[in-house]
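The values are calculated or read from the model by the stated rules, or taken from the named source; none is laboratory data. Keep in mind the model is a prediction, meaning the values are calculated, not measured. Cβ placement follows ideal geometry from the backbone for every residue including glycine, while neighbour counts extend to all protein chains displayed. Only protein heavy atoms, including side chains, enter the accessible area calculation; ligands, DNA and RNA are left aside. Shrake-Rupley method; radii C 1.70, N 1.55, O 1.52, S 1.80 Å.
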Amino acid sequence: MTQRACIIGWSHSPFGKLDLPDVESLITSVARPALDHAGVAPKDVDFVSVGVFNNGLTPQGFEGGLVSLGEPGLRFTPAVHVENACATGTAALHTALDFIESGRGRIALVVGAEKMTALPSRLMGDVLLSGSYRKEEANPQGFAGIFGRIAEAYFERHGDHREELAMIAAKNHANAVHNPYAHVRKAFDVEFCNTVSDRNPLVAGPLRRTDCSMVSDGAAALVVADEETAAALGRRAIRFRARTHVNDFLPLSQRDPIAFEGAHRAWDKARAQAGISLDDLSLVETHDCFTVAEMIEYEAMGLVPRGEGWRAIREGLTQRNGKLPVNVSGGLKARGHPLGATGVSQHVMAAMQLAGEAGEMQLPSVELAGVFNMGGAAVTNYVSILERAK
């Protein structure tokens with residue numbers, strides 16, 4: 001790579017069941033605000049990367065071709081559509097970073113978006129199963145069924161930790177109260193999250209509704225530029241101290257389903273590349289599509305030993321005021337999980353903290369932020385270590 005890329009601007013829509021009718025309108029809602037935040041005109045953009053999972057969520061494909069409809073100034077700008085399951089947003093970001101760091105251009109726009117709530121709920125599970133190995137993992141409970149089996153396997157090996165899962169859910173909902181973009185800005189206590197009820201029924205295996213991220217609409221955008229251009233613009237620059245991408249086997253049958261080995265390797269590589277230890281991080285935004293995923297990710301990142309992920313939440317390590325705050329934004333659990341937008345959103349949340357622009361979510365003295373975004377059940381794994389360059 002000839003030069004390093006920085007985040008210089010961003011925008012974020014609310015997440016939830018939105019009135020915006022389609023992916024096109026979601027993309028439009030964040031593209032221009034991100035450029036304005038960066039102080040960049042459409043004519044200065046050299047490349048656009050659009051992350052949308054889709055795969056049957058909406059009938060319109062070819063999402064890279066939609067950007068210029070809402071932003072005509074991008075009419076002749078090269079644009080691509082990227083898909084990589086639930087890590088689609090970060091895959092789109094990496095595509096743009098590679099473009100910049102190869103020297104092919106100076107400024108790129110990244111948009112992640114998903115319109116999910118227009119699809120009838122009875123069809124949702126089957127569409128989302130496209131992020132799994134259908135030959136072996138298709139089931140009537142959809143992706144929740146896959147993570148329900150992961151939770152069962154974890155409990156069988158390391159003991160029943162439903163209460164710790166409830167503690168993770170309660171933490172993330174409490175954090176989301178301070179996030180103006182979150183799908184659910186309502187706190188739920190541990191007792192509610194830990195109790196099976198009409199309002200919190202079992203979904204799959206031991207997972208309750210409060211253990212599962214929601215079906216959301218939403219979009220987020222980032223503007224990235226090479227360091228020289230970022231310095232010339234003079235507004236803000238969030239540098240990638242490290243970024244890694246590790247894949248693992250798609251079928252769970254070919255690996256230990258609760259080891260998240262690809263995630264562990266991605267974190268190891270990122271820490272080595274950044275020259276840091278986990279203790280150097282001020283916060284982490286991690287991929288809590290289900291609470292059991294966050295618990296296992298504590299182990300994958302090295303916060304606690306394998307089999308002891310439950311300790312991290314039990315001991316308060318990942319609370320907002322803990323040793324390593326995790327998902328200060330509310331995470332996928334409460335912020336929402338519009339698939340293509342999620343990875344971009346995670347990076348926006350981390351960048352806002354580093355720039356001191358996180359409003360009520362802001363933590364004191366944020367110097368380094370980690371982001372973990374995965375596709376499928378830890379199949380494709382991305383880690384970013386971010387720091388403020390300006």
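Just a few scattered comments:
- One residue stands out among those in region 179-210 that are among the charged types (D, E, K, R) and more than 22 Å from the chain's Cα centre (by Cα): the one that is least open to solvent (accessible area, probe 1.4 Å), which is Asp189.
- Within region 139-159, residues that are among the charged types (D, E, K, R) sit with their Cβ atoms under 9 Å from residues that are open to solvent by 30 Å² or more (accessible area, probe 1.4 Å), at 6+ positions apart or across chains, in these pairs: Arg149/Gly205; Arg149/Pro257; Glu152/Gly205.
- The single condition among (1) within 24 Å of Asp217 (Cβ to Cβ); (2) modelled with pLDDT of 95 or more that Glu101 does not satisfy is (1).
- For the condition under 18 Å from Glu360 (Cβ atoms), in a helix (DSSP H, G or I), hydrophobic (A, V, I, L, M, F, W, C) and at pLDDT 95 or above, Ala153 does not qualify.
- Residues of region 1-28 that are assigned to a helix (DSSP H, G or I) and of a type in the set (D, E, K, R): Glu24 alone.
- Residue, farthest from Leu363 (Cα to Cα), within region 258-285, restricted to residues that are in a loop (DSSP other than H, G, I, E, B) and open to solvent by 40 Å² or more (accessible area, probe 1.4 Å): Gly275
- Residue within region 220-227 that is under 27 Å from Gln273 (Cα atoms), free of Cβ contacts under 8 Å to residues at least 12 places away in the same chain and touching a Phe, Trp or Tyr at 6+ places or on another chain (Cβ under 6 Å) present: no
- Considering (1) open to solvent by 20 Å² or more (accessible area, probe 1.4 Å); (2) out of contact with any Gly (no Cβ under 7 Å at 6 or more places or on another chain); (3) over 19 Å from Leu332 (Cβ atoms); (4) modelled with pLDDT of 95 or more, the lone condition that Glu137 does not fulfil carries the number (1).
- Looking only at residues of region 110-122 that are touching a residue at least 40 places away in the same chain (Cβ under 8 Å) and farther than 18 Å from Asn84 by Cα, we find that the one that is surrounded by the most Cβ atoms within 10 Å (Cβ to Cβ) is Thr117.
- Filtering region 238-255 to residues that are closer than 27 Å to Ala274 by Cβ and either among the polar types (S, T, N, Q) or over 21 Å from the mean Cα position of the chain (by Cα) (or both) leaves Thr244, Asn247, Arg255.
- Which listed residue, of Phe240, Phe290, Phe249, is over 22 Å from Gly330 (Cα atoms), open to solvent by 10 Å² or more (accessible area, probe 1.4 Å) and touching a helix residue (DSSP H, G or I) at 6+ places or on another chain (Cβ under 8 Å): Phe240
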